[in-house]
Amino acid sequence: MIERADGLRVDDSYYYITIPLHLEYKWAQGHYFETFLKGLKQGKILINQCPSCGRHQIPPINVCGRCHVEMGEWKEVGPRGTVFAFNIVVDPVYDSGIPGMREVPYTVAHIILDGAPDVTIYHELEEQDLSKLKVGMRVEAVFKPEKEREGLLSDIIYFRTVTEPE
Amino acid sequence: MLKLPLKIVNEDPLVLQGKIYLDYAYYVGPIATRFFTDLRDRGKFFGIRCGECGITYMPPRGTCGRCFGKLEEWVEVAPQGTVISHTITYYPSVCHPVKEPIVYAIVKLDGADTGLIHMLGDVEPSEAYSGMRVEAVFKEKREGNILDIKYFKPLR
Amino acid sequence: MGKRVGIVAVYQTKYEESKPYLHIHDLAYEPIKEILKISGLKFVGDGTGIDAAIGASQDHWDGYAISSKLYQDQIGGHLRPESRVRGDGAVAVFYAAMSILSGHYDTIIVLALAKESQVDGRLVESFGFEPNYTRMLGLDFLSAAALQAQNYIDKYGISPEQAALVVVKNRRNARFNPVAQAPADIEVQDVLNSPMLSSPLRELDTKPTSEGACTLILSTEEKVKKWTSKPVWIEGVGSCYDSSFLGDRELAEPRSLTSAALQAYRMAGISDPKKEIDVFELSEYTSYQELLWAEGLGLCEKGDGGKLVQSGATEIGGEVPINPSGGLLSGVPVNVAGADRVIEAVLQLRGEAQGCQVEGAKVALAHGTMGPCGQFHQIIVLRRGY
Amino acid sequence: MKERVAIIGIGQTKQSYLKPEVNAEEMVNEAVRKAIEDARLSMKDIDAVVSGNIEFLEGHYQADCQFADGFGAWMKPGLAIQTGGCTGGSLVVAGTMLAASGLFNKVLVIGWQKMDATPFTGAINTTREPIYDRHLNVGAAAFLAARGIRYMEETGCPEEIASLSRALVSEGASRNPYTHINRRLTAEEVMKSRVIVWPVRFYHLAPTSCGAAALVLANESEAKKAVKKPVWIKDLVVVHRETSVYRGGAVEVSSSPDAVEKAATTLFKRNGIVNPRKEIDVWETYSPSSWYDMFDMERRHIAEKGQAWRLIEKELTRFDREIPWNPSGGVVCSNPIGASGMLRVLQAALQIRGEAGGHQVPKEVRLAQADAYGGTHWSEFFLLSKYLS
């Protein structure tokens, strides 16, 4: 049994062949993702709301799947929010996009942004100490300096813990 | 810190480039293991025969598609054969094993009833033709896969 | 067939080489929105509208595993039955028809889509060959189709000029098709002068890269009659797989196509397709394939495909018009291809094919294919119902 | 009036982490041969072949075409279906539709997955949106953990219950020679296994498995001629849902519409089942984690909301007790994704036939419920019955 660089365990007492599939995609983003990403470049989290049921979607797409209507007006939410769920990733995982093993540990969290109480944004937290992580803790998006922003989700470096008066 | 392996390839409209890189490992199974071992170690071709349908399959496989019978009867076939069809591929592709132009061919080896797909070599591409008699040329260092056959060259 | 399945409505987007301004979400929503508008139907659970949805797409083209989720919201599948055919849209139409005949659903919406320009299709197709003996050679569906074309030439003396006539005919037909990607007024010499990709296939002999989507709504006889004054019935269906190994097959004799066609003819009560079917919409990924498919469908003797196109029989005004829409050679995406053939057949039977119209078309055949060199074929025979 | 369809042939391979002794085609071939043999048929009798898997996990493009010979599809009609984790269920649905259409008497349905070809997490993350959460590289564990935490908070269920539930299914699994993890585990052993995301532990999660399943489905007249007693697919319900759960990273704030509950409710109502706990003799469900068991029982109306954990506490869900919950071991013991949903139907059918072997429930099984689950909470529910009426 050998363990490959990507974590796959292979029983080499049996005969096998290796064939790489290295695909590169040029994904068109369309109006909704483009608006969302360009908002990030300006330091804003822009999402929209269903004109029928009023729910928000992050990231925003063209329709509300529940109501089957086109999504409505854009609005800016955050940058502060409340942690809804979190998880410290400690097991190294092969990321086919890098490609390679992603460095661990890192903390991911679902955050309810101020202004959109019915949905979470999925991102990373600065805090990596499990004892300091709590559901309900307040956090804030930390954006990269304006010049370094590209218009990607990584324009938000992470969410950092903030203390607010009760 | 979130790192996204995405590249902006067009601003307006926004197009992002990303990758899916997966290296697949395929266990070849007992039939292909035997075929590749014979090819690698002895430079010999073995097909597999369906007694029911009277067909000698090349390359060998475990099931006869026609009668769904299990195949177990190994038959040695010659490294020489006849080109059934061929094409000269000019365009580049990341999956090509050698530089273009590539002459792909279906070769029916003597003693087999079905054709093996491979490449032709030692021949001017334009001089390849269907019906041409060819012979397998092996790689010096063989690893036990289909590319152990370097190509088929014209039989002179 | 005892019960009948019919077509309520169809819609195609314009086909383009690339649609960089549309996410797959957007590409999916346009035809759905439009077909709901045209049909006046809604996706509801009470039998008064659409009961279920079937998509046709493939993960490799989209770059997402389980890529049907990219259009699930758009198709309206929320808390409703939905499925996805992995492959050609004609198969999705077939599956929809079977689902309706089974009595489980009355009305089904079908969506097929692809954005081919997103990814290296040759690499994707190279993973369509079995891994042990073939995949490492780097063959793709184009070079495989070239092996097929050469075999066809060798066996029956088909000439590149005859194949080029298919391209000329289809690209010219596309001039009258408002959704066609690449209509062109070209000559045989233009085809023969285009760059050689994989002999004998030149650039113009092959299907260009394309993006787009299309939708259909199918329903029971009773509901179709209620919802449209121009019903079109699915009278016969057939499909068939051939061998996995190209070397096992007689590439110049598409036996799985013939088998699929015979199933469909039998079901539709057709004994002489040449006489009884008025228009053919085929999935020709290369010019030579249109000739081969014509032979496989029994429109001429084996090896006479070249003569058939030369005789003008496959022109819009001919005896067996093939691809009056312009076909795949004028640019239709993979996955969409077969469903688009069904739609073009429907438009013909409704007399709505504009400049591509075959006068008085009553029976049409639509065809989809998958796998290298037409390994799998899907046939759908449709009849005008008014 | 729907044509009735029955299962007349059953075949499966042993499921395991690796299957190095065979390639994908050979693996599927074994299941197909067994199903055909079980039905006492030959491949000539089969009218159509339906198959499916999740493509990126093995890389094959149009796998149904490239393995057509070994699948038995040579010169036969057929199609390929791929949804999500519920692919196996979607395949049985497709097979049922074909067999009920009046055009195909006997349909071979194949679900398979050979997950030893590539790192599973690397491939499965491609289900996610590349601009958003694909590169956060988090699988289902986080979502299940959140569910688990909330269940404990809302109901007072102690942490040990999930482990007990896992131990209870391992009783059946240890008697099922085909399942991947067929080891008998105690609740303590499960509790001692590694924490993936608290409270989710290693043994609470579905493993990565290879395996294939095949069924022969037949329409009513053919099924009545079958050598073995047919197992009737009495009814089926398909409910998929919108995908915001995907883009939201699988946790939703607002109470989300539940496809599983809708499917279960529809199925029971349509078939006059008032008390599922009493009327259904066997449950084979697609619970991807032991932390899902309580939740899944409640959505199937086996217990009131918040009460299912008490059934587990009383060990009523063991395969030989009142509520045989995944007697085969279920998805937490074996998960060859493209086959998993089908294996549920297959196992339920074995129970009805009385052929489940060591994990056969000790009572007459007249009605069994099986389902497939996956993707964005897609559900395919089946009601199988021993008798036609």
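The values are calculated or read from the model by the stated rules, or taken from the named source; none is laboratory data. Small disclaimer: the values here were computed from a predicted structure and weren't measured. For neighbour counting, all protein chains shown are included, and Cβ atoms are generated from backbone atoms with ideal geometry for every residue, glycine included.
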Next item on the list: State whether the residues of the range D:269-291 include one that is at pLDDT below 95, surrounded by 23 or more Cβ atoms within 10 Å (Cβ to Cβ), assigned to a strand (DSSP E or B) and in contact with a Lys or Arg (Cβ under 9 Å, 6 or more places away or on another chain).
Entry: yes
Check: Does the range B:87-96 contain at least one residue that is buried (at least 16 other Cβ atoms within 10 Å of the Cβ), in contact with a Phe, Trp or Tyr (Cβ under 9 Å, 6 or more places away or on another chain) and touching a residue at least 24 places away in the same chain (Cβ under 8 Å)?
Finding: yes
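Got a sec? Which of B:L39, B:L16, B:L4, B:L71 is under 30 Å from A:H31 (Cβ atoms) and modelled with pLDDT of 95 or more?
B:L16 is the lone residue from the list that is under 30 Å from A:H31 (Cβ atoms) and modelled with pLDDT of 95 or more.
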Next item on the list: Specify the residue that is surrounded by the most Cβ atoms within 10 Å (Cβ to Cβ); the eligible residues are those in the range C:1-45 that are in a loop (DSSP other than H, G, I, E, B) and in contact with a Ser or Thr (Cβ under 6 Å, 6 or more places away or on another chain).
Entry: C:Y15
Next item on the list: Just name the residue that is nearest to the other protein chains (Cβ to nearest Cβ) out of those in the range D:198-251 that are under 30 Å from D:Y132 (Cα atoms) and of a type in the set (D, E, K, R).
Entry: D:E242
Margin query: Among the residues that make up the range D:149-163, is at least one of them within 14 Å of chain A (Cβ to nearest Cβ) and either within 18 Å of the chain's Cα centre (by Cα) or among the aromatic types (F, W, Y) (or both)?
Written below: yes
Check: Among the helices (runs of 4 or more DSSP H) contained in the range C:214-297, which hold 2 or more residues that are under 30 Å from D:H60 (Cα atoms)?
Finding: C:255-268, C:287-296
Checklist line | Residues being more than 17 Å from the chain's Cα centre (by Cα) and more than 18 Å from C:L147 (Cα to Cα) - total across the range B:111-145 | finding: 4
Note to self: Show me the helices (runs of 4 or more DSSP H) entirely contained within the range D:17-81 in which 2 or more residues are under 21 Å from the mean Cα position of the chain (by Cα) and at the interface with chain B (Cβ under 10 Å from one of its Cβ atoms).
What the structure shows: D:24-38
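Here is a yes/no grid of residues against (1) more than 17 Å from C:A366 (Cα to Cα); (2) at pLDDT below 95; (3) touching a helix residue (DSSP H, G or I) at 6+ places or on another chain (Cβ under 6 Å):
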{"site": "C:V237", "(1), (2), (3)": "no, no, yes"}
{"site": "C:S244", "(1), (2), (3)": "yes, yes, yes"}
{"site": "C:E250", "(1), (2), (3)": "yes, no, no"}
{"site": "C:A260", "(1), (2), (3)": "no, no, no"}
{"site": "C:A264", "(1), (2), (3)": "no, no, no"}
{"site": "C:F280", "(1), (2), (3)": "no, no, no"}
{"site": "C:S325", "(1), (2), (3)": "no, no, yes"}
Notebook entry, point to check: If you go through the range B:82-121 one residue at a time, how many are on the phi > 0 side of the Ramachandran plot and either assigned to a strand (DSSP E or B) or facing another protein chain (nearest Cβ under 7 Å) (or both)?
Noted result: 0
Next item on the list: Quick one: in the range D:169-193, of everything that is farther than 10 Å from D:G329 by Cβ and not charged (D, E, K, R), which residue is surrounded by the fewest Cβ atoms within 10 Å (Cβ to Cβ)?
Entry: D:P177
Notebook entry, point to check: If you go through the range A:71-105 one residue at a time, how many are more than 7 Å from every other protein chain (Cβ to nearest Cβ) and part of a strand (DSSP E or B)?
Noted result: 12
Note to self: Can you tell me which residue is farthest from the other protein chains (Cβ to nearest Cβ) among those in the range C:116-151 that are assigned to a helix (DSSP H, G or I) and of a type in the set (D, E, K, R)?
What the structure shows: C:E116
Margin query: Let me confirm something: among B:Y27, B:Y21, which residue is in contact with a helix residue (DSSP H, G or I) (Cβ under 9 Å, 6 or more places away or on another chain), within 8 Å of another protein chain (Cβ to nearest Cβ) and under 24 Å from D:V32 (Cα atoms)?
Written below: B:Y27
Next item on the list: Return a yes/no flag: does the range C:76-84 have any residue that is assigned to a helix (DSSP H, G or I), within 11 Å of another protein chain (Cβ to nearest Cβ), over 18 Å from the mean Cα position of the chain (by Cα) and of a type in the set (S, T, N, Q).
Entry: no
Margin query: Take the residues in the range A:16-33 that are crowded, with 21+ Cβ neighbours inside 10 Å and outside any strand (DSSP E or B); name whichever of them is farthest from the chain's Cα centre (by Cα).
Written below: A:G30
Next item on the list: Take the range A:1-11 and flag every residue that is of a type in the set (D, E, K, R) and either more than 9 Å from chain D (Cβ to nearest Cβ) or in contact (Cβ under 8 Å) with a residue 24 or more places away in the chain (or both).
Entry: A:E3, A:D6
Note to self: For the range B:28-48, which positions are out of contact with any Asp or Glu (no Cβ under 9 Å at 6 or more places or on another chain), in a helix (DSSP H, G or I) and buried (at least 20 other Cβ atoms within 10 Å of the Cβ)?
What the structure shows: B:A32, B:F35
Notebook entry, point to check: Got at least one residue in the range C:182-194 being within 19 Å of the chain's Cα centre (by Cα) and on the phi < 0 side of the Ramachandran plot?
Noted result: yes
Margin query: Regarding the range B:72-79, can at least one residue be identified that is within 16 Å of the chain's Cα centre (by Cα) and more than 11 Å from chain D (Cβ to nearest Cβ)?
Written below: yes
Notebook entry, point to check: Looking at the range A:38-70, which of its residues are within 11 Å of chain D (Cβ to nearest Cβ) and either in a loop (DSSP other than H, G, I, E, B) or of a type in the set (D, E, K, R) (or both)?
Noted result: A:C50, A:C53, A:G54, A:R55, A:I58, A:P59, A:P60, A:I61, A:G65, A:R66, A:C67, A:H68
Notebook entry, point to check: Just wondering, is there one or more residues in the range B:49-70 that are in a strand (DSSP E or B), surrounded by 16 or more Cβ atoms within 10 Å (Cβ to Cβ) and charged (D, E, K, R)?
Noted result: yes
Note to self: Among (1) within 30 Å of A:Y32 (Cβ to Cβ); (2) out of contact with any Phe, Trp or Tyr (no Cβ under 7 Å at 6 or more places or on another chain), there is one condition B:E73 misses while meeting the rest; what is its number?
What the structure shows: (1)
Item checked: Close pairs (9 angstrom Cβ cut-off, 6 or more residues apart or separate chains): surrounded by fewer than 12 Cβ atoms within 10 Å (Cβ to Cβ) in the range B:120-132, aromatic (F, W, Y) anywhere -> none
Check: Would you call A:V119 over 18 Å from the mean Cα position of the chain (by Cα), β-branched (V, I, T) and either at pLDDT 90 or above or over 30 Å from A:L23 (Cα atoms) (or both)?
Finding: no
Item checked: Long-range neighbours under 6 Å by Cβ, at least six apart or interchain, first residue more than 19 Å from B:I88 (Cβ to Cβ) within the range C:131-146, second in a helix (DSSP H, G or I) and small (G, A, S) -> C:N132/B:A32
Note to self: Regarding the range D:355-367, can at least one residue be identified that is touching a residue at least 60 places away in the same chain (Cβ under 8 Å), closer than 21 Å to D:K114 by Cα and in a helix (DSSP H, G or I)?
What the structure shows: no
